[in-house]
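Undergrad: Please read through the structure below; I'll follow up with questions.
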Ligand code: GUN
């Protein structure tokens, strides 16, 4: 039997509708318009395209978005000053510095300069800590999008064995933590894991987030599993995931396509985080 396709494009559109309604209510009731500042340093084409997508989606749901495009030779000091400016600006509820940054700028100094109360990416150590300690804070957008997708498709997390392949700070580690919080038994695999398929074959929920096209093949899957593909690699101008989609979909219970799976959810969760931030500051 063929797997059910987890359509991120459709789900993200539904989420954006919900967010748009909430944004409108916030404005009508309290006169608050959520504001998002995006800082883009340099002219990397992929980053430019992501930022355009974020700006378009923000505007569509009624979020006020400011995009600052800064030159590639920008000094770290100037970038930190721009962050300070938005930290102080009461009309801005979310600040996002698009990564990667040019080599003269230290990523960690930039991330820690963003006020944790405006860190809609959830990358600040304060928010990372909150995720692990169980408190309230911003959850990084891609892991949050994955969880939303699993929940809304009523895939059972509690008691499931979730196997996460990849241990990045942006996806692997936080998604493992979110699944653990939802009572999954979690295994994290990575590039040094011996006998990867020993683990993947046990997964009721498999999250692949390494960026190696075709790494996960059909023989590595437990029949009926939920397979979430976070990998996006450009191969001959096409976006390719970590999962051999055509073969795996014949064995899995659920599967995300690439593109149109996790990707659209990431932006929807950024909008959600910005809305949440505005609601919280308004209170
Ligand atoms: N570059 C690629 N993905 C991301 C992301 O989620 N946030 C930021 N700030 N930069 C990115």
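Undergrad: Consider the stretch 157-206. How many of its residues are in a strand (DSSP E or B) and within 16 Å of the ligand (Cβ to nearest atom)?
TA: The number of residues fulfilling the criteria is 0.
Undergrad: Only one of 36, 101 is in contact (Cβ under 8 Å) with a residue 40 or more places away in the chain, surrounded by 20 or more Cβ atoms within 10 Å (Cβ to Cβ), in a loop (DSSP other than H, G, I, E, B) and within 12 Å of the ligand (Cβ to nearest atom). Can you tell me which? Don't jump to the end; show me each part of the working.
TA: Working: 36 fails: in a loop (DSSP other than H, G, I, E, B).
101 is the lone residue from the list that is in contact (Cβ under 8 Å) with a residue 40 or more places away in the chain, surrounded by 20 or more Cβ atoms within 10 Å (Cβ to Cβ), in a loop (DSSP other than H, G, I, E, B) and within 12 Å of the ligand (Cβ to nearest atom).
Undergrad: Where residues in the stretch 104-127 are out of contact with any strand residue (DSSP E or B) (no Cβ under 6 Å at 6 or more places or on another chain) and under 24 Å from residue 19 (Cβ atoms), which of them is nearest to the ligand (Cβ to nearest atom)?
TA: In the first step, residues of the stretch 104-127 are kept if they are out of contact with any strand residue (DSSP E or B) (no Cβ under 6 Å at 6 or more places or on another chain); the result is 104-109, 111-113, 115-117, 119, 122-127.
After this cut, where a residue has to be under 24 Å from residue 19 (Cβ atoms) as well, the list is 115-117, 119, 122-124, 127.
Details: 115: 15, 116: 15, 117: 17, 119: 10, 122: 9, 123: 7, 124: 11, 127: 13 Å.
Among those residues, the one meeting the criterion is 123.
Undergrad: Among the residues of the stretch 47-85, what is the count of those that are touching a strand residue (DSSP E or B) at 6+ places or on another chain (Cβ under 8 Å) and free of Cβ contacts under 8 Å to residues at least 12 places away in the same chain?
TA: Result for the stretch 47-85: 3.
Undergrad: Would you say residue 266 is part of a helix (DSSP H, G or I), within 16 Å of the ligand (Cβ to nearest atom) and crowded, with 24+ Cβ neighbours inside 10 Å?
TA: Numbers: part of a helix (DSSP H, G or I): yes; within 16 Å of the ligand (Cβ to nearest atom): yes; crowded, with 24+ Cβ neighbours inside 10 Å: no.
For residue 266, the condition - part of a helix (DSSP H, G or I), within 16 Å of the ligand (Cβ to nearest atom) and crowded, with 24+ Cβ neighbours inside 10 Å - is not met.
Undergrad: Within the group 228, 267, which residue is under 24 Å from residue 11 (Cβ atoms), in contact (Cβ under 8 Å) with a residue 12 or more places away in the chain and touching a strand residue (DSSP E or B) at 6+ places or on another chain (Cβ under 7 Å)?
TA: Details: 267 fails: touching a strand residue (DSSP E or B) at 6+ places or on another chain (Cβ under 7 Å).
Going through 228, 267 in turn, the sole match is 228.
Undergrad: What tally of residues in the stretch 233-252 results from selecting those that are buried (at least 18 other Cβ atoms within 10 Å of the Cβ) and not in a strand (DSSP E or B)?
TA: Filtering the stretch 233-252 down to residues buried (at least 18 other Cβ atoms within 10 Å of the Cβ) leaves 240-245, 248-249, 251-252.
Among the residues that remain, those that are also not in a strand (DSSP E or B) are: 241-242, 244-245, 248-249, 251-252.
The qualifying residues number 8.
Undergrad: Can you pull out every residue in the stretch 121-142 that is surrounded by fewer than 19 Cβ atoms within 10 Å (Cβ to Cβ) and either in a helix (DSSP H, G or I) or free of Cβ contacts under 8 Å to residues at least 24 places away in the same chain (or both)? Let's see the steps before the verdict.
TA: First pass over the stretch 121-142, keeping only residues surrounded by fewer than 19 Cβ atoms within 10 Å (Cβ to Cβ): 125-126, 129-130, 132-137.
125, 126, 129, 130, 132, 133, 135, 136, 137 - these are the residues of the stretch 121-142 that are surrounded by fewer than 19 Cβ atoms within 10 Å (Cβ to Cβ) and either in a helix (DSSP H, G or I) or free of Cβ contacts under 8 Å to residues at least 24 places away in the same chain (or both).
Undergrad: A further question on this structure: Could you list, in sequence order, all residues of the stretch 64-83 that are touching a helix residue (DSSP H, G or I) at 6+ places or on another chain (Cβ under 7 Å) and closer than 22 Å to residue 138 by Cβ?
TA: 65, 67, 68, 79, 80, 83
Bear in mind that the values in this text are calculations on the coordinates, not laboratory data. Fair warning: this is a prediction, and the values are worked out from it, not measured in the lab. Glycine gets a Cβ as well: all are built from the backbone with ideal geometry, and neighbour counts include every protein chain shown.
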